[in-house]
Structures are given as structure tokens and as C-alpha cells.
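One structure below.
The values are calculated or read from the model by the stated rules, or taken from the named source; none is laboratory data. Just so it is clear, the model here is predicted, and its values are computed rather than measured. Glycine also receives a Cβ, built like all others from the backbone with ideal geometry; neighbour counts cover every protein chain displayed.
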């Protein structure tokens with residue numbers, strides 16, 4: 001019999017179990033693979049629901065352990081400190097499941113494409129953009145996501161002008177959508193001979209990397225392709241051949257680049273996926289216009305438009321949307337973003 005910790009309306013695990021059972025029955029049909037797209041969609045749904053059931057089971061087991069421990073405590077066999085420690089553990093699991101349960105939109109389950117652009121601040125902003133790139137790569141590695149660099153434009157003196165990162169893994173977009181907007185850095189500049197305090201800005205734009213379950217129609221006649229030599233790291237072969245590609249989509253005005261592969265054909269395929277993801281993001285913005293949280297990504301990359309400030313000499317990182325802040329700036333820049341993501345998702349769910 002399944003335990004029933006007091007999760008209230010957060011999580012309808014029984015409904016998910018019924019759906020898993022129903023969809024697994026479909027997979028037994030001899031004609032299941034006659035429609036590959038439908039079959040893949042069903043398998044993805046099963047995997048997604050099993051992920052949430054496993055998360056629930058983890059909390060349920062911890063809750064049962066706490067109940068058992070409390071019985072031992074009443075018999076005088078367990079100390080109050082042990083009860084407190086176990087209660088804190090269960091409370092944390094509950095909180096984690098609560099904020100993860102806010103990721104209930106179709107697009108949340110997808111991987112993410114994260115684009116960083118340097119803004120006002122010249123070399124400072126280029127250096128800041130590279131710091132942000134490192135921060136997101138480290139966040140991805142710490143949280144079990146695979147991060148790949150799709151394209152990069154180096155700064156004239158230091159850092160990067162722009163970069164596109166692919167973050168692969170379940171719920172990557174759901175988490176990273178909290179990062180959309182302008183990020184402000186305040187520090188004593190390493191590029192200023194007088195050691196003056198400088199303010200720099202970079203924008204982060206996140207879109208879901210869609211799969212075949214989402215149909216985005218693109219007319220080939222609307223596409224204008226260019227090829228060029230890769231500007232980032234990749235070895236001599238990449239830099240000596242025009243394997244990198246750039247595609248412009250006339251109706252939307254979107255432009256994407258890809259240079260991660262040595263093969264131009266593979267880069268064209270990835271660029272099309274990137275373009276479809278950007279088009280899907282535009283559609284999402286229209287769909288959720290009344291409560292759209294992506295507008296920060298369209299603001300000017302300058303003073304007054306930031307969603308988060310990183311003030312290094314004062315040892316403070318503050319999110320201006322939720323008020324969440326920390327004095328551990330080094331941890332944040334090393335990828336410790338989950339407290340900020342959690343605060344944003346819970347705040348967004350309550351709006």
C-alpha cells in the first residue's frame with residue numbers, strides 16, 4: 001500500500017500511476033511502432049510520469065522513516081536531536097518536490113538553449129559574459145545536465161561577445177527559464193589601471209529545445225544560409241574549413257549560428273533545431289502574454305533592466321524579482337543557482 005504523506009494538491013500520484021499503466025498497455029500493441037512519432041510521444045510520457053512517481057516515492061519513504069523514528073522516540077530509544085535532524089531532511093524533500101511540481105507546462109520538460117550576449121560595458125561586459133557562461137556550465141554539470149557549446153563570438157580583448165549553449169536533460173528549460181533577463185555585475189575592474197568600480201551588463205535568453213512531438217513548419221524558401229569558419233576553439237580542421245553555418249529566417253527576423261561540429265551538414269541540422277526552438281519560444285510568449293516572464297530578455301542590456309545583481313566587493317547576489325539574496329558570491333559564480341531558481345519558480349507559481 002502506497003504511503004500518503006501530506007502533499008495535498010501538489011501531486012496527483014495516483015493519476016500518474018494510472019496513466020503509466022494505460023500507456024504501457026499501448027506499447028504492447030503489435031502496431032505500436034506503425035506511427036513512430038506517436039510511439040515516441042507515449043514513451044516520453046511514460047518516462048516523464050515515472051520520474052515524478054519516483055520523486056514522490058522518495059518523499060514517501062522519508063516520511064515513513066520519520067514516522068517510525070517518532071515511534072522509537074516515544075519509547076525513549078531515539079533522541080530529540082535525531083528526530084529534529086530527520087524532520088529537517090523530510091522538510092527539505094517536501095520543499096524540493098513542491099517547487100519541482102510547478103514545472104507542469106509542456107515546454108518545461110524539454111532541454112534548453114541558453115544564449116548570452118554582452119551588453120553595455122565593452123570589455124568588462126565581454127568578460128562578464130564569459131563568467132556567466134562558466135557559471136551555467138558548472139550549474140549544468142552539478143545538476144546532471146549535459147552542456148554543449150553551439151556557437152561563440154570571442155571578445156576583442158577578453159571574454160566573449162555572445163555564446164549559445166545547449167543544456168540537455170529532463171526539465172532543463174523548466175529550471176533555466178528563471179534566468180531569462182539582464183544580469184548586472186558590479187566589481188573593481190581588473191581591466192582598469194586605477195582599480196575603479198565598474199558596472200557591466202549581459203543578457204541571458206533561454207528557449208526550449210523542442211523534439212519531434214512539437215511540429216514547427218518552416219518554409220525552406222524563407223531561409224537564407226551562410227557558411228563561415230568557426231571562431232571558437234575546435235582545432236585546426238574546424239578553423240580551416242567553412243563548417244560553421246548561419247541561417248536567417250525572413251518572416252521572424254531570427255538569426256542563429258552553429259559551429260559545434262566539424263561537419264557542415266550536422267551544423268545545418270543543429271541550426272534548424274535551434275531556429276525551431278526560437279520560433280517555439282516566440283509562440284510561447286504569445287500564448288502566455290498575460291503573465292509572460294520573458295520580457296526582461298527583450299529589454300535594453302543596461303542600467304535599470306536587470307533581473308539579478310552580482311555585487312562582488314559587497315559580497316552580495318540579489319534577485320530583484322523575488323528578493324532572494326546571498327553573500328556567498330563565489331558559490332553562485334561556481335554554479336550554485338538552485339536557491340535562486342527555486343525562489344523564482346515558487347514566486348511565479350503564486351502569481
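Brief remarks on what is shown
- Candidates 140, 195, 121, 174 - the one that is touching a strand residue (DSSP E or B) at 6+ places or on another chain (Cβ under 9 Å), at positive phi and crowded, with 20+ Cβ neighbours inside 10 Å: 121
- Residue pairs meeting the criteria (Cβ under 8 Å; at least 6 apart or on separate chains; first assigned by TED's automatic domain parsing to the domain that holds residue 22, in segment 49-76; second at pLDDT below 85 and surrounded by fewer than 13 Cβ atoms within 10 Å (Cβ to Cβ)): 60/2; 60/4
- Considering 181, 232, 169, the condition of being modelled with pLDDT under 90 and surrounded by 14 or more Cβ atoms within 10 Å (Cβ to Cβ) is satisfied by 232 alone.
- Within segment 257-268, being at pLDDT 85 or above, more than 25 Å from the chain's Cα centre (by Cα) and surrounded by 14 or more Cβ atoms within 10 Å (Cβ to Cβ) holds for one residue alone: 264.
- Among (1) in contact with a helix residue (DSSP H, G or I) (Cβ under 7 Å, 6 or more places away or on another chain); (2) surrounded by 19 or more Cβ atoms within 10 Å (Cβ to Cβ) - the single one residue 254 does not satisfy: (2)
- Comparison of 104, 127 shows that the only residue that is surrounded by fewer than 16 Cβ atoms within 10 Å (Cβ to Cβ) and either under 30 Å from residue 196 (Cα atoms) or out of contact with any strand residue (DSSP E or B) (no Cβ under 9 Å at 6 or more places or on another chain) (or both) is 104.
- Failed item, numbered, when residue 76 is tested on (1) out of contact with any strand residue (DSSP E or B) (no Cβ under 6 Å at 6 or more places or on another chain); (2) assigned to a helix (DSSP H, G or I): (2)
- Breaking point among (1) modelled with pLDDT of 95 or more; (2) surrounded by 20 or more Cβ atoms within 10 Å (Cβ to Cβ); (3) under 30 Å from residue 227 (Cβ atoms), for residue 111: (1)
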